[in-house]
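Here's the structure, in structure tokens; my notes come after.
The values are calculated or read from the model by the stated rules, or taken from the named source; none is laboratory data. No experiment lies behind these values; they were computed from the predicted model shown. Here the Cβ positions follow ideal geometry from the backbone for every residue, glycine too, while neighbour counts run over all protein chains shown. Remember, those area values only see protein heavy atoms, side chains included, never the ligands or the DNA or RNA. Shrake-Rupley method; radii C 1.70, N 1.55, O 1.52, S 1.80 Å.
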Amino acid sequence: MPGKRLDEEERQLIAQFLWDGLGYSEIGRRLQRPASTIQREVVRNGGHNAYRPGAAHRAASERASRRIPSVDDLDIDDEAYSFDRSPLKVQEFHLRLERVFRQTGLTRTASRILAEIFMTDRGSLTATELVLRLSVSPGTVSRSAAYLQDIDLLHSERDGKRVRYFLGDDLWYRAWLSSAQRNSTWADTGLDGAEIFGLDTPVGARLKDMGQFFAFVVVDMEATRQKWLDFFEKKKRARGES
């Protein structure tokens with residue numbers, strides 16, 4: 001069975017098993033499929049309460065007709081759903097992680113790429129794997145991954161003929177640094193504006209308060225930055241890195 005796409009009969013059975021209240025692991029056992037395959041099939045086609053086997057099969061047929069590989073074609077037993085992790089809780093956290101990344105200002109696809117890589121224990125995915133998981137074009141993955149590399153949240157290496165993307169070791173430091181730079185801009189803008197409008201005017205007073213507040217924040221963040229750099233350097237030495 002592994003390596004073969006789900007057929008219409010299996011999708012009908014999935015719908016019936018969901019109606020009977022069975023979980024992904026039990027459905028997978030009965031169909032001799034990985035639980036992750038069942039979970040992806042349901043989530044990508046409306047979710048537990050809205051799964052329709054006919055519509056799901058038509059959508060799969062349309063994807064196949066476009067000759068774009070499907071995740072089902074590979075039947076990947078995804079790490080994220082191993083170690084007896086709850087598929088439902090994993091999926092809920094996955095969506096939450098994507099939302100958090102988007103709230104930082106990342107694009108939707110960039111957020112999805114980061115979340116996908118975070119959700120693998122090995123901490124990396126190839127470009128092809130990302131295309132399959134996200135159901136987007138190779139060009140979309142390439143552009144979004146390039147953007148993430150430009151802001152140092154991702155890096156890539158050649159893996160044979162494939163490109164493999166990794167999370168940067170200093171990912172959180174880079175995210176923090178971006179925030180620090182924004183705070184510094186707020187501080188400079190506020191203090192410059194206070195001088196332009198005059199400290200004895202309402203506008204000038206407000207701008208002064210703004211500038212001083214963010215100036216204090218920047219000082220505190222600089223102290224935190226140095227502590228993190230010291231910590232990160234110790235980690236590198238412990239791993240034997242130069």
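Numbers at a glance
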read-out: Potential lengthening between Thr128 and Gln32 on full extension [0.36 nm per residue; Cα-Cα distance subtracted]; value: 32.0 nm
read-out: Spin-label model distance (nm) - Ser135 vs Lys234, 7 Å beyond Cα toward Cβ; value: 4.7 nm
read-out: Gyration tensor verdict on the range 130-226 (Cα atoms; rounded if a/c is under 1.5, prolate if a/b is larger than b/c, oblate otherwise); value: prolate
read-out: Whole-number accessible area per residue in Å² for the range 84-242, which is evaluated in the context of all protein chains at 1.4 Å; value: 63 Å²
read-out: Listed residues Ile151, Ile196, Ile117 arranged by accessible area, highest first, probe 1.4 Å; value: Ile196, Ile151, Ile117
read-out: Accessible surface of the range 90-242, 1.4 Å probe, proportion on carbon and sulfur as whole %; value: 55 percent
read-out: Glu8 accessible area, 1.4 Å probe, all protein chains in place, Å² to nearest 10; value: 90 Å²
read-out: Sites Lys89 and Asp209 - FRET efficiency at Förster radius 41 Å, r taken between beta-carbons, to 0.05; value: 0.40
